[in-house]
Amino acid sequence: MTNRKGTLIVLSGPSGTGKGTVLKHFFENYADDKIKLSISATTRSPREGEVNGVNYFFVEKDKFETMIENDMLLEWAAFCGNHYGTPKAFVDENLENGCDVILEIEVQGALKVMEKRPDAVFVFIAPPSMEELKSRIVGRNTETDDVIDKRMETAKWEVKNISKYTYAVVNDDIDKAARKLKTIVDAERLKVEKINLQF
Ligand code: ADP
Ligand code: 5GP
């Protein structure tokens with residue numbers, strides 16, 4: 001008989017490295033109903049096509065501050081002029097129910113989760129090179145030149161933190177990267193501490 005507790009999986013890496021793309025492919029092709037994606041709150045304005053409650057909970061700054069004050073966020077960070085945070089209740093309810101939960105967050109937030117939840121698993125999605133990162137973020141066509149420069153500067157600091165993570169996945173190919181993520185999820189589920197075997 002198994003009585004598996006959910007695993008918190010924190011996925012981060014520089015903006016433009018392909019986290020969102022890999023996760024979408026992972027959830028469409030390799031996920032089961034025992035793994036959930038956390039939806040973050042942000043003060044950033046929606047990009048074209050982004051939907052409130054699907055991509056993010058888009059909130060005003062004062063609402064975000066109230067969430068911080070009421071201890072509703074597992075972690076939060078200021079990133080390139082906006083605030084981003086992980087609603088705690090969704091994460092804990094799902095972990096409690098035996099589901100794995102994936103957070104897609106930037107590196108400052110991941111470092112906070114390392115302190116608060118050392119039993120979580122940390123996956124760094126790395127770009128094949130910094131040149132390719134720049135070309136992806138430019139190619140996405142969602143940010144102004146000024147914001148792209150800020151994000152590239154931040155990326156240089158972010159990649160220096162890679163050694164703090166449990167796993168690294170280079171996103172050279174979307175399907176390969178999603179399959180690597182599936183391998184990580186499967187391996188975590190096989191850990192003895194996650195399985196309650198009764199003979
Ligand atoms: P992030 O969520 O890390 O900010 P996105 O998922 O938005 O990044 O991807 C940034 C851009 O790079 C998008 O235009 C996406 O289509 C592209 N992209 C993602 N993964 C790959 C890949 N393996 N090869 C080429 N382009 C990619
Ligand atoms: P974007 O504006 O491109 O959607 O996100 C910018 C960065 O914020 C990305 O690296 C993304 O992973 C990160 N991010 C999204 N949600 C959260 C969150 O809840 N907390 C933290 N710390 N970062 C987040």
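The values are calculated or read from the model by the stated rules, or taken from the named source; none is laboratory data. Remember, it's a predicted structure, so these values are computed and weren't measured experimentally. Here the Cβ is made from the backbone with ideal geometry for all residues, glycine too, and neighbour counts use every protein chain on show. Remember, those area values only see protein heavy atoms, side chains included, never the ligands or the DNA or RNA. Shrake-Rupley method; radii C 1.70, N 1.55, O 1.52, S 1.80 Å.
Would you be able to say whether some residue in the stretch 169-192 is more than 19 Å from the chain's Cα centre (by Cα) and part of a helix (DSSP H, G or I)? So that I can check it myself, show each step before the final result.
Step one: filter the stretch 169-192 for residues more than 19 Å from the chain's Cα centre (by Cα), giving 190-192.
Then keep just the ones that are part of a helix (DSSP H, G or I); that gives 192.
Checked the stretch 169-192: at least one residue is more than 19 Å from the chain's Cα centre (by Cα) and part of a helix (DSSP H, G or I).
Suppose we filter Ile137, Ile102 for residues that are more than 21 Å from Leu74 (Cα to Cα) and among the aliphatic types (A, V, I, L, M); which single one remains?
Details: Ile102 fails: more than 21 Å from Leu74 (Cα to Cα).
Result of the check over Ile137, Ile102: Ile137.
Among (1) more than 15 Å from ligand 2 (Cβ to nearest atom); (2) within 17 Å of the chain's Cα centre (by Cα), there is one condition Ile102 misses while meeting the rest; what is its number?
Single failed check for Ile102: (1).
Please identify the pairs in which a residue from the stretch 101-128 that is touching a residue at least 60 places away in the same chain (Cβ under 8 Å) has its Cβ atom under 6 Å from the Cβ atom of a residue that is within 12 Å of ligand 2 (Cβ to nearest atom) and open to solvent by 40 Å² or more (accessible area, probe 1.4 Å), counting only partners at least 6 apart or on another chain.
So the pair list comes out as Ile102/Leu37.
Residues Gly85, Gly109: which one is at pLDDT 95 or above, in contact with a Leu (Cβ under 6 Å, 6 or more places away or on another chain) and within 15 Å of ligand 2 (Cβ to nearest atom)?
On the way: Gly109 fails: in contact with a Leu (Cβ under 6 Å, 6 or more places away or on another chain).
Of Gly85, Gly109, the one residue that is at pLDDT 95 or above, in contact with a Leu (Cβ under 6 Å, 6 or more places away or on another chain) and within 15 Å of ligand 2 (Cβ to nearest atom) is Gly85.
Consider Glu50 against the criteria (1) closer than 23 Å to Asn141 by Cα; (2) within 16 Å of the chain's Cα centre (by Cα): it satisfies all of them except one. Which criterion is unmet?
(2)
Per-residue answers, yes or no, for (1) within 16 Å of ligand 1 (Cβ to nearest atom); (2) open to solvent by less than 40 Å² (accessible area, probe 1.4 Å):
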{"residue": "Met67", "(1), (2)": "no, yes"}
{"residue": "Glu75", "(1), (2)": "no, yes"}
{"residue": "His83", "(1), (2)": "no, yes"}
{"residue": "Asn94", "(1), (2)": "no, yes"}
{"residue": "Glu104", "(1), (2)": "yes, no"}
{"residue": "Gly109", "(1), (2)": "yes, yes"}
{"residue": "Val113", "(1), (2)": "no, yes"}
{"residue": "Val121", "(1), (2)": "no, yes"}
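Which one is surrounded by the most Cβ atoms within 10 Å (Cβ to Cβ), of the residues in the stretch 132-182 that are among the acidic types (Asp, Glu) and in contact (Cβ under 8 Å) with a residue 60 or more places away in the chain?
Taking the stretch 132-182 and keeping what is among the acidic types (Asp, Glu), we get 132, 143, 145-146, 149, 153, 158, 172-173, 175.
Imposing the further condition that a residue be in contact (Cβ under 8 Å) with a residue 60 or more places away in the chain reduces the set to 158, 175.
Working: Glu158: 21, Asp175: 12.
The residue in question is Glu158.
Residue under question is Thr42, and the condition is that it be open to solvent by less than 40 Å² (accessible area, probe 1.4 Å), more than 22 Å from Tyr167 (Cβ to Cβ) and of a type in the set (Val, Ile, Thr); does it hold?
Values: open to solvent by less than 40 Å² (accessible area, probe 1.4 Å): yes; more than 22 Å from Tyr167 (Cβ to Cβ): yes; of a type in the set (Val, Ile, Thr): yes.
Spelling it out, Thr42 is indeed open to solvent by less than 40 Å² (accessible area, probe 1.4 Å), more than 22 Å from Tyr167 (Cβ to Cβ) and of a type in the set (Val, Ile, Thr).
Those residues that are over 16 Å from His83 (Cβ atoms) and not acidic (Asp, Glu), I need them from the stretch 39-51; list them, please. Even if it seems obvious, please write down each step before you answer.
Keep residues of the stretch 39-51 that are over 16 Å from His83 (Cβ atoms), which gives 47-51.
Arg47, Gly49, Val51, listed by residue number.
Considering the stretch 156-168 alone, what residues qualify as being in contact with a helix residue (DSSP H, G or I) (Cβ under 6 Å, 6 or more places away or on another chain) and either closer than 24 Å to Asn82 by Cβ or in a helix (DSSP H, G or I) (or both)?
Glu158, Asn161
List pairs: first residue in the stretch 36-51 and touching a residue at least 60 places away in the same chain (Cβ under 8 Å), second residue part of a loop (DSSP other than H, G, I, E, B) anywhere in the structure, Cβ distance under 6 angstrom, at least six positions apart or on different chains.
Close Cβ pairs satisfying both conditions: Lys36/Cys99; Arg47/Thr142.
Between Phe57, Phe79, which is under 27 Å from Leu181 (Cβ atoms), open to solvent by less than 30 Å² (accessible area, probe 1.4 Å) and within 11 Å of ligand 2 (Cβ to nearest atom)? Spell out the reasoning first.
On the way: Phe57 fails: open to solvent by less than 30 Å² (accessible area, probe 1.4 Å).
Unique residue meeting the criteria: Phe79.
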